[in-house]
1. Sort the following peptides by mean Cβ neighbour count (other Cβ atoms within 10 Å, averaged over residues), highest first: 85-98, 222-235.
2. Through the Karplus equation 6.51 cos²θ - 1.76 cosθ + 1.60, θ set to phi - 60°, convert the phi angles of the stretch 134-148 into ³J(HN,Hα) values in whole Hz; use x for Gly and Pro.
3. Can you put PHE423, PHE160, PHE195 in order of accessible area, largest first, using a 1.4 Å probe?
4. Please sort 169-176, 197-204 by packing, taking for each peptide the average over its residues of neighbouring beta carbons within 10 angstrom, highest first.
5. Probe 1.4 Å, all protein chains in place: accessible area of CYS461 in Å², nearest 10?
6. What net charge do the residues around HIS171 carry, taking every other residue with its C-beta under 14 Å from that of HIS171, with Lys and Arg at +1 and Asp and Glu at -1?
7. Please sort 287-294, 360-367 by packing, taking for each peptide the average over its residues of neighbouring beta carbons within 10 angstrom, highest first.
8. Determine which residues of the stretch 69-97 fall in the zone a paramagnetic label at ALA442 would reach in this model, i.e. backbone nitrogen under 18 Å from the point 7 Å along Cα→Cβ.
Amino acid sequence: MSTNNQTDPKKGDDQKRAVQLNQVPPLPGDEGKMSDSLKWFAFVSYGVGHVLNDLVASMWFTYALVFYHYVMQLSSINAGAVVLVGQLTDAVATAAIGVLSDNANIYCTDRYGRRKTWHLFGSVLVFISLPFAFSPPIIPQVESSELNTALYYCFFIVFFQIGWASIENSHMALASDLTPIRDERTALLSIRYSFTVFANILVYVVTYIVLRSNNASKTQFGPSERKEFQIVILVIMIVGAMTTIIFHIGVREPLINNRVNRQLLMTETEAERAANSILSMFKSITLYQTAVVYMCSRITVNMTLVFLPMYLQDFLKLEAEKLALLPLIMFVSSFGMSLLNKPMNMKLGRKYTYSFGVVLSLGSAFWCYTGEGDTYAKYQIYAVTIIIGIACSVVLVTSQALTTDFIGDRTHRGAFTFGLMSFTDKVCNGAVVMAVQSFHCASCPSYYRDVMVYNWTIPSCLAFIAVISLPYGGRPRLIVQEVPETRSGGNQHAGQSKKHSIEKGQEALPSNSVKS
């Protein structure tokens, strides 16, 4: 009797867990519907929740070196050091906030939402510190020394990078909290990237208009453009404030208790508890493969933003307005591609979709290396920026989707996972910027052209090797999944199920999606 008493509850828990997991996948006919937590307003609100970060990132990666080197007249190495300080701060803050976001138990965060609380904290820091990072020093004596000027900007950059990391980490982790269905996560990331493109387009349009209105269209960047940067920052603050408010009103984060209950249901054995621990992640080769894909994708995208203006100004000798127009064209093409990312991932799978982006990156590198003369500078460069814009959209969204696949249903460590991924890419981005600026050759006219070529080839090849070796992300296939069938009378017979053929890309992520 005692044996039966011990086993019956276990069987009941098994059945309860099976019902929970099997009810997650959409039934035939429901594949296009969003789950209850993702109504249309919440869906759009989630997408705009990262606009402030995107606006800031566009300014940071595209114009930071231009502002500190050409406008504030810092040397190449000091300008690179300022960017490196920002990237290292971002890397450390992202990892630390990832741990705190997953594990800190504070009453107000449980009531409002862990992710949203950290998002709000980061937004406040960005609003306070960003204007000082892209404006002339408020203390005139600071400009008496180049070292003092660099230290002044580093002080404010540290604070706005902590805020930026808090927004980035919490927003990415929230995608895994809102839904367990893989394609809904992909849809969230796609709309997130669509608004990312919108934010970048806005920055470049405003910059282009400001430069045109201030007669800077026929000159290159210099100290006279200080006022223009302040105008762009003002627009960023206004738009960022509006979108942040919409995000906090429209997105309702699932309660902590619900996530904890789901975690307990899915980790009833000691073996499963061990598999869910953070330590188990570092024992999995899949973690390092995914990190390489994510890191290389970010390097390709971010370093394109950083060095494209330098390439246009130093190598092609284009006027200042083109430093806003060409990145604008690149992001318009990215926006068009962002509409196709979800169907491509569903039909082709992650690996084929990412490989498509790699091919485009290599093609852009070859064209950039062989292009020369007035014809290339006046006409062909537009085609190159369009292609690389499409490539950046594909590799970035797909790498983020692969990261959510790696997280699976282990949303309790989602922020830590994204923090770990971001740590690698931030450190590498900062190291690349510092290395490029340290070895800058003023007498080498093709220096930044070679930088662009290497940036589009080396990371793409490394990421391709990593992505094709992943155990998931292949081409979707039809599978047969059993879900419990409820009879009209409300009686459900244990063990009775109904088979449905659903597309692999539409299934819920299994609980053992990432095992050590």
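1. The densest-packed peptide leads the list: 85-98, 222-235.
2. 3J(HN,Hα) across the stretch 134-148, in whole Hz: 10, 9, x, x, 6, 9, x, 5, 4, 6, 6, 9, 5, 5, 5.
3. Result of the area sort, largest leading: PHE423, PHE195, PHE160.
4. Top of the packing list down: 169-176, 197-204.
5. 60
6. Values: positive: ARG114, ARG115, LYS116, ARG185, ARG192; negative: ASP54, GLU168, ASP177, GLU253.
Residues close to HIS171 contribute a combined charge of +1.
7. In descending order of packing, they fall as 287-294, 360-367.
8. It comes to 69-81, nothing else.
The values are calculated or read from the model by the stated rules, or taken from the named source; none is laboratory data. Every value quoted in this text rests on a predicted model; they were computed, and no experiment measured them. Every residue, glycine among them, receives a Cβ derived from its backbone with ideal geometry; neighbour counts consider all protein chains shown. Note: accessible area is taken over every heavy atom of the protein model, side chains too, but ligands, DNA and RNA are not part of it. Shrake-Rupley method; radii C 1.70, N 1.55, O 1.52, S 1.80 Å.
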